[in-house]
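Taking it in order: structure first as structure tokens, then the write-up.
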Amino acid sequence: MVARAEALAKPLVIPTLLKQSIGAALIALVLTSLIVGIKTVDTNEALSFTTRFPSVAWASIGVGLAYLGFGLVRSGMPLAGLIASLAVGVAQASVLLWGGPAKELYLPFEDPVVNWVVVLVAGVIAIRAALALRRGDGTGAAPAGTALGDRIARKFNQASRLLAPLLIAFAITMPFLPFADRRFVDVATLVSTYVMLGWGLNIVVGLAGLLDLGYVAFYAVGAYSYSMFATYLGLSFWLCLPLAGMIAASFGVLLGFPVLRLRGDYLAIVTLGFGEMVRLILINWWWFTGGPNGINNVPRPSFFGIPFERNPPEGTWSFHKLFGIEYSSNHRVVFLYYLILGLALLTCLFSYRIRRLPIGRAWEALREDETACRALGINPTNTKLTAFAIGAMFGGFAGSFFATRQGFVSPESFTFLESAVILAIVVLGGMGSQVGVALAAIVLIGVPEFFRELAGYRMLAFGIGMVLIMIWRPRGLLAVRDPTIRLHPRGGPEPEPAKP
Amino acid sequence: MEYFLQQLINGLTLGAIYGLIAIGYTMVYGIIGMINFAHGDIFMIGAFHAVIAFVILGFLGVTFVPLALVVVLLTATLLTSAYGWTVERVAYRPLRGSFKLAPLISAIGMSFVLSNFVQISQGARNKSLEPMIQGGIVVTQSPDGFDVQLSYLQMIIFVTTLVLMTGFTLLINRTALGRAQRACEQDMKMASLLGVNVDRTISLTFVIGAALAGVAGLMVTLYWGVVDFFIGFLAGIKAFTAAVLGGIGSLPGAMLGGILIGLIEAFWSGYFSVEYKDVAAFAILVLVLIFRPTGLLGRPEVEKV
């Protein structure tokens with residue numbers, strides 16, 4: 001890290017910079033030449049193709065310019081970088097917004113989203129250049145950037161004491177606010193499901209430091225156990241919920257027991273394999289799980305035994321009769337929203353409290369240094385197993401909710417992609433940070449729901465985000481990674497922070 | 001017996017392909033100790049480049065098959081190695097010395113980037129090519145008329161793999177690059193003190209791994225004739241299983257593991273059930289990691305504090 005900072009701080013002379021930028025542009029040209037330049041098209045008899053060479057040219061010019069821009073900022077010429085990036089960004093944005101004849105002449109890419117990315121990158125360069133200018137030196141941009149990020153994260157975490165109650169209050173009153181139509185509540189329910197999954201996975205990844213790529217398996221186990229108990233045995237949701245959680249937790253133990261002795265990255269791959277195995281078994285064990293079609297007619301939830309029906313059978317109650325209000329199909333939607341909100345808050349409260357218990361402290365210690373923990377007499381296997389089981393249990397709860405909300409389950413819903421999305425939420429939100437995970441879920445799940453044209457680029461953006469976060473702030477955007485307890489209270493002698 | 005022989009041939013073909021991908025995993029793991037999760041997608045990129053190159057050649061009217069094969073092989077290998085180099089440069093090099101899960105998370109991100117990049121630029125539907133190399137020889141024939149076929153394509157795959165493996169073994173054992181690579185594997189800091197350019201060696205490791213994955217991509221394109229943007233996931237996991245089975249970090253192990261995985265898959269789908277063949281591969285991964293984490297040919301890993 002230090003060596004890199006020095007290398008970056010060393011002023012590069014203009015010719016070197018130009019040479020490097022041209023090199024970057026050439027590499028981009030090579031990389032995009034076939035994949036972007038030639039688009040294969042299926043025709044009736046054989047594969048044919050169309051060409052998109054302008055996109056290739058623009059992509060490589062863009063990469064070269066972006067490299068040049070960052071290079072200028074880095075090597076002590078932020079003013080030039082600022083002017084150039086502002087010029088490019090403003091020109092591109094104005095063409096995109098107002099168009100006119102320029103739109104025909106100059107618009108690099110077919111897709112408007114990609115065109116906006118150009119503006120975005122130019123904006124990022126401009127902001128970095130402006131920051132460097134304000135600092136007055138323009139050198140050492142990267143370490144200063146990290147310090148800045150730390151400062152922002154610290155401020156944010158202080159603010160989050162205020163922000164968290166506000167968010168919760170908003171979440172509770174949300175269905176009664178005027179703008180909350182049915183679709184909005186639906187999306188909020190979806191986002192809350194992911195918030196809950198994120199918090200559940202956060203126990204495993206954020207607190208215990210175990211990278212679990214198969215978290216969706218526990219979600220699937222929860223969903224299927226609820227569906228089976230409810231359809232085959234006719235048990236109610238409130239009875240099934242703890243059962244599903246218990247079954248998911250025992251699956252967690254079952255998987256964890258043999259594999260938790262493995263090193264961190266092996267564990268990741270094995271959990272990935274486990275997740276896929278569960279899905280394949282769900283598909284192929286058709287007489288028990290319904291195969292690819294899954295289980296239909298999963299009972300919808302009731303308000304503690306009182307159904308949401310317009311015309312309940314004679315002699316039974318229904319929700320609107322009980323409360324003496326007009327029947328509305330929204331009641332169920334809002335009830336589902338509150339159900340998942342309650343479950344999610346339960347997860348959050350649980351992880352907040354358990355961090356202060358000995359087991360939670362053992363998780364955090366284990367995340368930092370396993371060998372030291374072993375020397376101190378913490379049993380790593382049991383400790384990890386607890387984290388795995390508890391994380392799995394919350395995944396199981398979320399799965400039951402998913403099944404009851406959808407009304408059907410099928411293996412399609414539990415692909416690796418789903419695990420990846422949940423992991424992206426946890427990583428981008430900051431491993432271990434509760435508010436960060438919630439915000440990440442809102443941004444990553446909620447925003448693409450409202451901007452459909454972005455949905456195609458969602459996973460691409462997640463991937464880029466994960467790489468950038470690992471480079472820039474490996475502990476997550478909003479994580480400051482204060483230990484929950486410290487030996488020396490604030491103000492006392494600060495212990496030297498351990499090198500990662 | 002004939003059925004067994006046929007499954008053996010099919011399994012070996014599959015195994016050769018898995019082995020070529022597995023070398024990329026095992027080399028990278030050997031030198032910087034990370035699981036290159038994006039390697040499966042590098043393989044997918046190779047397959048796509050092969051498809052695109054075939055389509056262009058078809059458009060240009062190149063019908064002489066050996067020439068087309070050589071051109072496509074070169075294109076796919078070169079462009080795929082460019083991807084391997086870039087991925088290392090962009091996503092892994094800045095993370096050296098970061099906390100231990102950072103490279104893996106970054107690799108997972110890179111895997112999404114690659115597969116979705118291809119999905120966006122080439123479309124989500126799978127691309128199928130007409131079979132180019134048909135025919136083969138009948139090895140034996142059973143009395144009830146079941147032919148054991150060894151197709152020309154399978155022969156090409158065997159020969160190419162054999163040539164590549166020989167060349168690759170020579171490269172690692174005899175050349176300066178191979179020596180530098182083995183030195184970095186043992187002790188990166190010491191190697192750099194002794195004048196080995198560590199960054200360059202690591203870059204070249206990725207380039208070689210990606211080139212072999214590119215060849216594997218071409219083979220899959222020819223063998224199955226269908227590619228889509230998601231093939232890298234499953235192939236990547238199986239090749240990783242092969243690398244672990246053979247002993248991660250060991251090059252002959254990767255090839256051995258690949259062939260074993262290919263055979264297991266072929267026999268499993270031949271004799272038990274096709275549906276559970278992927279489950280079998282995952283189960284092997286789990287079992288090997290639990291009972292013999294060092295694999296068949298690997299050295300035990302000593303954790304230093």
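Laboratory data are not the source of any read-out in this text; all were calculated from the coordinates shown. This is a predicted model, so every value here is computed, not measured. As a convention, Cβ positions derive from the backbone with ideal geometry for all residues, glycine included, and neighbour counts pool all protein chains shown.
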Problem - Compactness index (Cα Rg / 2.2 N^0.38 Å), chain B - result: 1.01
Completion exercise
Among the Cα-Cα pairs of the protein assembly as shown, the proportion with separation greater than 51 Å, in percent, is 17 percent
Completion exercise
Listed with the fewest Cβ neighbours within 10 Å leading, A:383, B:221 appear as A:383, B:221
Practice task
Just need the relative contact order of region B:167-232 here, percent rounded to a whole number, with Cα pairs under 8 Å and 6+ apart.
Solution key: 18 percent
Practice task
Using the Cα centre as the reference, give the magnitude of the dipole from point charges on the C-beta atoms of region B:2-232 (Lys, Arg: +1; Asp, Glu: -1; all else neutral), rounded to the nearest 20 debye.
Solution key: 920 debye
Handout entry: Karplus-derived HN-Hα couplings along region A:121-135 (A = 6.51, B = -1.76, C = 1.60, θ = phi - 60°), whole Hz, x at Gly and Pro
Key = 5, 4, x, 4, 4, 4, 5, 5, 5, 5, 4, 5, 4, 5, 5
Problem - Inter-chain Cβ neighbour average for residues B:91-102, partner chain, 10 Å - result: 6
Handout entry: Cα lying deepest toward the dipole's positive end in the protein assembly as shown, options A:227, B:214, A:331, charges on Cβ
Key = A:331
Practice task
Sorted from largest down, give the three principal axis spans of the alpha carbons of region A:32-78, whole angstrom values.
Solution key: 58, 13, 10
Fill in the blank from the handout: Taking max minus min of the Cα coordinates of region B:150-305 on each principal axis, largest first, gives extents in Å of 54, 37, 27
Handout entry: Signed unit charges on C-beta, dipole axis of region B:2-232, positive-most listed residue B:227, B:91, B:161
Key = B:91
Practice task
Per residue of region A:154-170, in order, report the coupling 6.51 cos²θ - 1.76 cosθ + 1.60 (Karplus, θ = phi - 60°) as ³J(HN,Hα) in whole Hz, putting x for Gly and Pro.
Solution key: 5, 4, 5, 5, 5, 5, 5, 4, 7, 5, 4, x, 4, 4, 5, 4, 4
Fill in the blank from the handout: A correct fewest-to-most ranking of A:155, A:384 by other Cβ atoms within 10 Å would be A:155, A:384
Problem - Packing-based exposure ordering (other Cβ within 10 Å, fewest first) of B:17, A:152 - result: A:152, B:17
Problem - Sequence-separation-based contact order of chain B, relative, with Cα cut under 8 Å and 6+ spacing, percent - result: 37 percent
Fill in the blank from the handout: To the nearest 0.05, the calculated FRET efficiency linking residue B:169 and residue A:164 through their beta-carbon distance, R0 being 51 Å, is 0.30
Practice task
Before rounding to the nearest 500, sum -39500 (n - 2.57) across all DSSP H runs of length at least 4 in the protein assembly as shown and divide by the residue total; then give [θ] at 222 nm in deg cm²/dmol.
Solution key: -22500 deg cm²/dmol
Completion exercise
Along principal axes, largest first, the alpha-carbon spread of region B:55-200 in whole Å comes out as 64, 41, 35
Practice task
Evaluate the distance, in nm, between pseudo-label points positioned 7 Å from the Cα of residue A:236 and of residue A:352 along their respective Cα→Cβ axes.
Solution key: 3.0 nm
Exercise for the section: Order the peptides A:188-195, A:79-86, A:158-165 from the highest to the lowest mean number of other Cβ atoms within 10 Å of their residues. Expected result: A:188-195, A:79-86, A:158-165
Completion exercise
For residue B:96, other-chain or 5+-apart residues with amide H closer than 5 Å (H placed, Pro excluded) are none
Practice task
Considering the convex hull of the alpha carbon atoms of region A:161-472, report its projected area averaged over all viewing directions, in nm², one decimal.
Solution key: 17.8 nm²
Exercise for the section: Please list, in chain and number order, the residues 5+ apart from residue A:41 or on another chain whose amide H is under 5 Å from its amide H, with Hs placed from the backbone. Expected result: A:48, A:49, A:50
Practice task
Work from the charge dipole of chain B (Cβ charges, +1 for Lys and Arg, -1 for Asp and Glu, about the Cα centre) and give the residue of B:23, B:197, B:172 farthest towards its positive end.
Solution key: B:197
Fill in the blank from the handout: Note: residue A:42 to residue A:26 extended length (0.36 nm per residue) minus current alpha-carbon separation gives 2.8 nm
Handout entry: Residues in region B:57-99 reached by a label modelled at residue B:189 [backbone nitrogen below 11 Å; 7 Å Cα→Cβ]
Key = none
Exercise for the section: Would you mind putting A:169-182, B:72-85 in packing order, based on average other-beta-carbon counts within 10 Å, highest first? Expected result: B:72-85, A:169-182
Exercise for the section: May I have the convex hull volume per residue, in Å³, for the Cα set of region A:367-447? Expected result: 123 Å³
Handout entry: Computed magnitude of the charge dipole of the protein assembly as shown (debye, nearest 20; Cβ of K, R +1, Cβ of D, E -1)
Key = 2600 debye
Exercise for the section: Calculate the spin-label point distance for residue A:94 paired with residue A:406, positioning each point 7 Å from the Cα along the beta-carbon direction, and give it in nanometres. Expected result: 5.0 nm
Problem - Within chain B, longest stretch free of exposed GluC sites (Glu not before Pro) [DSSP loop, at most 15 other beta carbons within 10 Å] - result: B:1-274
Practice task
Determine how many Å³ per residue the convex hull of the Cα atoms of region A:205-295 encloses.
Solution key: 96 Å³
Practice task
Enter the Cα centre distance for the pair region B:141-206 and region B:109-132, rounded to the nearest angstrom.
Solution key: 26 Å
